[in-house]
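The values are calculated or read from the model by the stated rules, or taken from the named source; none is laboratory data. Everything numeric here is computed off the predicted structure, so don't read it as measured data. Methodologically, a virtual Cβ is constructed for each residue, glycine included, from the backbone with ideal geometry; neighbour enumeration extends over all protein chains shown. Ligands, DNA and RNA are stripped out before the accessible areas are found, and what is left, the full protein with its side chains, is counted by its heavy atoms. Shrake-Rupley method; radii C 1.70, N 1.55, O 1.52, S 1.80 Å.
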Amino acid sequence: MLPRRILRLFHRGARRASRAHVDFDYMDRGSPAVVTVWIPVGDCPPRTGALVYLEGSHRLPPEEYAPLRDITDRPADRRQICHDLELTARTLGRRWLWADFAAGDVMVHVPRVIHASLDTTTDAMRLSADVRFVRAADTPDPRWLTPWSADDGA
Ligand SMILES: O=C(O)CCC(=O)C(=O)O
């Protein structure tokens with residue numbers, strides 16, 4: 001388990017949901033054989049800000065979604081793909097898949113799948129953690145070897 005484990009809190013009106021991205025763009029200085037476990041704390045239906053996944057997107061070559069990176073509300077950060085989830089789905093011809101996460105559910109995903117989170121629109125906040133694993137024999141991205149802090153820039 002990589003020591004950089006992220007705890008996220010979103011409340012209604014924050015408008016800071018995670019833009020469409022692939023995890024590997026945030027950890028590309030190490031082994032690509034990474035597994036993410038996303039853990040919502042408590043029930044997390046889409047309206048509370050759950051993760052959504054672009055169907056089959058782990059098979060897309062990065063060049064195919066590279067042009068979307070120019071359409072962004074956070075131009076200083078080239079790692080995210082796009083903030084416009086409808087445009088992303090339409091451009092890539094794929095559906096966003098979602099689940100009605102209930103307390104105790106966890107989601108496991110590969111580092112090349114395009115995913116995002118939705119805005120929290122409920123009174124209940126969204127609290128979640130994301131934790132990543134690599135094989136003991138693999139070399140992880142060194143930025144993920146120290147505990148997370150919100151200002152670590154990684
Ligand atoms: O919780 C989020 O908003 C993003 C989490 C995420 O992208 C991940 O766990 O890979």
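For the reader, a short list of remarks on this structure follows.
- Carbon/sulfur fraction of accessible area - the chain, other protein chains in place, 1.4 Å, %: 56
- The chain: relative contact order as a whole-number percent, Cα under 8 Å and 6+ apart: 51
- The label-point distance for R12 and E86, in a model that sets each label 7 Å from Cα toward Cβ, rounds to 2.2 nm.
- The chain - charge dipole about Cα centre, Lys and Arg +1 at Cβ, Asp and Glu -1, debye rounded to 20: 100
- Among 117-128, 140-151, the order from most to least packed when residues are scored by Cβ within 10 Å on average: 117-128, 140-151
- Here the peptides 16-22, 55-61 are ranked by packing, the mean other Cβ count within 10 Å, and the order with the highest first is 16-22, 55-61.
- Note on segment 78-104 and segment 1-60: Cα centroid distance 11 Å, given to the nearest whole angstrom.
- For segment 4-62: rounded, prolate or oblate by the Cα gyration tensor [a/c cutoff 1.5]: prolate
- Remark: the chain carries 54 Å² of accessible area per residue (probe radius 1.4 Å; ligands, DNA and RNA excluded).
- Segment 66-107: C-alpha gyration tensor shape, a/c 1.5 cut-off, then a/b vs b/c: oblate
- Label zone (A124, point 7 Å along Cα-to-C-beta; backbone nitrogen cut-off 20 Å) within segment 1-35: 7-18.
- Overall form of the chain per C-alpha gyration tensor (a/c, 1.5; a/b vs b/c): rounded
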